[in-house]
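**Student:** My questions will all concern the structure given below.
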Amino acid sequence: MKQMPFVLPGTSSVCFPGRNVPDWFVNQTQGFSLTIKLPTQCASNQFLGFVLCAVVDFGYLFKSSDGFQVNCIYHIKNEYGDSHHLQSYFGGWFDGEHVREVSNDMLVLGYDPCLEFTESYLFGKCSEVVIEFYSEDRNNNPLKSYNVIKCGVCLLSAEDDNS
């Protein structure tokens with residue numbers, strides 16, 4: 001099994017053909033960006049991370065042996081209006097040995113424990129986060145013709161895990 005570059009321990013993802021963000025994503029939108037008001041449990045050890053979803057439009061033929069990845073940028077805002085920016089790669093596909101052709105939309109689902117987010121000095125005072133999704137090749141170059149057209153985010157907490 002090949003390790004995905006730049007992926008933090010605990011991060012996991014799956015990628016398959018699809019055009020719709022699953023209904024259980026309470027926070028979802030058309031486009032590549034969404035804003036979430038953060039509940040108070042984010043400031044405690046109950047916060048486990050984010051479940052992320054991005055639909056990448058491969059309307060034109062994408063042919064590569066390197067695959068693609070989804071870059072996720074978090075713009076964290078605190079109650080004082082200050083912001084802090086974090087970046088994570090949460091999914092995609094990588095083969096490296098065989099050329100793959102994709103000509104339909106791909107749904108990428110992933111989990112990001114957001115370790116940098118919870119360790120941030122701003123974390124205890126966070127009020128909202130803006131999350132942006134971008135498609136890139138494995139060399140971190142934007143895939144300008146293949147955009148994220150829908151996205152969704154769920155906050156995962158220990159309370160959710162116990163129910």
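**Student:** Filter the stretch 121-155 for residues that are at pLDDT below 85, of a type outside the set (Phe, Trp, Tyr) and either under 12 Å from Asp57 (Cα atoms) or buried (at least 18 other Cβ atoms within 10 Å of the Cβ) (or both) and give the result.
**Tutor:** Cys126, Arg138, Leu143, Lys144, Ser145, listed by residue number.
**Student:** Now for a different question. Restricting the first residue to the stretch 132-149 and requiring it to be farther than 15 Å from Val108 by Cα, which pairs with a second residue that is of a type outside the set (D, E, K, R) and surrounded by 13 or more Cβ atoms within 10 Å (Cβ to Cβ) meet a Cβ separation below 7 Å and a spacing of at least six or different chains?
**Tutor:** What qualifies is Arg138/Gly67; Arg138/Gln69; Arg138/Phe94; Pro142/Tyr134; Leu143/Phe68; Leu143/Ser135.
**Student:** Further question: Which of (1) modelled with pLDDT under 80; (2) surrounded by 13 or more Cβ atoms within 10 Å (Cβ to Cβ); (3) charged (D, E, K, R) is the odd one out, the single condition Lys2 does not satisfy?
**Tutor:** Just one mismatch for Lys2, condition (2).
**Student:** Output the residues belonging to the stretch 85-120 that are at pLDDT 80 or above, surrounded by fewer than 19 Cβ atoms within 10 Å (Cβ to Cβ) and touching a Lys or Arg at 6+ places or on another chain (Cβ under 9 Å).
**Tutor:** Matches in the stretch 85-120: Asp105 only.
**Student:** Residue by residue through the stretch 19-36, note down the ones that are in contact with an Asp or Glu (Cβ under 9 Å, 6 or more places away or on another chain) and either on the phi > 0 side of the Ramachandran plot or crowded, with 16+ Cβ neighbours inside 10 Å (or both).
**Tutor:** Phe32, Leu34, Ile36
The values are calculated or read from the model by the stated rules, or taken from the named source; none is laboratory data. The model shown is predicted, which means the values in this text are computed figures rather than measured ones. Glycine gets a Cβ as well: all are built from the backbone with ideal geometry, and neighbour counts include every protein chain shown.
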